[in-house]
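The values are calculated or read from the model by the stated rules, or taken from the named source; none is laboratory data. Everything numeric here is computed off the predicted structure, so don't read it as measured data. Quick reminder, even Gly has a Cβ in these numbers, built from the backbone with ideal geometry, and neighbours come from all protein chains shown.
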Amino acid sequence: MLEPNLSAYAPIVDRPIIKWPNNARVALWVAPNVEYMDFIPGPNDGKGGFFRNVHSRTPSPDVAAFGLQDYGNRVCFWRMLEVFDQNKIRCTVSLNEAILEHFPETKEAMLKRDYDFMSHGIYNNRFLNLLSIDEERAFFKDCVETLKRHTGKQLKGMLTPAVSPSPNTHDLMAEAGLIYNADWGHDDQPFPMKVKTGRLITMPYNLDLNDGTFNRFGCSPEYWAQCIKDQFDVMYEEGAENARQVCVSLHPSIMGHPSRIKYLDEVLAYMMSHDGVWQTTADDIAQYYMDNYYDMMVAHLETHDYSA
């Protein structure tokens, strides 16, 4: 579980019941990771220079990793858009905000569809957990201002770059005006986090069934598709009593690949064929929870000590 100073423990079988609009059983949000990596990361220099440069597979430049990422942005992103449009999916883009500056065509395509944006940092190969508190505070300021300048949207949530939160991240998110943190895949519902100022909830992003996880371990796309449908079936059944949230987390260079794209279409069509599905964005789910259930859940936690 999360450390007690981040989020209280509360079993889902003993919580106030939550309901989505129109009594939907599940709130479905689809999160394509539209990412940008440095080819040769430079020194800390102000623009994104609130990060330390970190290399994963090889010393820089990592041509194989960069090429695959570039393929996702050049080709696979556009193939995925067709599938999202066909299934009437409004996405929550897990966005490396450098995309907005480097690829204006991608930016315009997302804005045309009124997608919401969950920041994934500026670049994907610069991590938060090596930063000082002042550097991280400046990072959040940069993320908020960059998104507003390019899209007109107010940043509400974040999945940190490469899921690399520091011990200060949750407090600094709330301080910067964000309302949800997607790093913590610890629940089937949003849930309050403990912060020094403001209010913040976890918005559980699906790392378990992330297409990148399956691809990394050599699992077939057929198996991924079946697992997504199996997960949905259980959550849909449970959501009849107490509503659930379902996240489908994707990467263009993986599920947008020509050998896999039909499986993305298959799982989206399957879920969208059910009644009682609120297909929406993480921003809207978080705001609805904040408006209707945050105070009720906090009051519940104040009168129930499950950790005793």
So which residues in region 89-131 are charged (D, E, K, R) and either under 25 Å from Q279 (Cα atoms) or touching a residue at least 12 places away in the same chain (Cβ under 8 Å) (or both), if there are any at all? R90, E97, E101, K107, E108, K112, R113, D114, D116, R126
Looking only at region 177-202, filter to residues that are under 14 Å from G121 (Cα atoms) and among the hydrophobic types (A, V, I, L, M, F, W, C); which one of those is surrounded by the most Cβ atoms within 10 Å (Cβ to Cβ)? A182
Would you be able to tell me the number of residues in region 138-174 that are surrounded by fewer than 17 Cβ atoms within 10 Å (Cβ to Cβ), charged (D, E, K, R), in contact (Cβ under 8 Å) with a residue 24 or more places away in the chain and not in a loop (DSSP other than H, G, I, E, B)? 1
Which helices (runs of 4 or more DSSP H) does region 261-308 wholly contain that include 2 or more residues that are within 30 Å of Q226 (Cα to Cα)? 261-272, 282-292
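The rows are residues; the columns are (1) over 30 Å from V277 (Cα atoms); (2) modelled with pLDDT under 95; (3) surrounded by fewer than 21 Cβ atoms within 10 Å (Cβ to Cβ).
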{"residue": "I17", "(1), (2), (3)": "no, no, yes"}
{"residue": "N23", "(1), (2), (3)": "no, no, yes"}
{"residue": "V30", "(1), (2), (3)": "no, no, no"}
{"residue": "N33", "(1), (2), (3)": "no, no, no"}
{"residue": "Y36", "(1), (2), (3)": "yes, yes, no"}
{"residue": "I40", "(1), (2), (3)": "yes, yes, yes"}
{"residue": "D62", "(1), (2), (3)": "yes, yes, yes"}
{"residue": "F66", "(1), (2), (3)": "yes, yes, yes"}
{"residue": "Y71", "(1), (2), (3)": "yes, yes, yes"}
Residues located in region 106-123, provided they are within 10 Å of L95 (Cβ to Cβ) and touching an Asp or Glu at 6+ places or on another chain (Cβ under 9 Å): K107, D116, F117, M118, S119, H120, G121, I122
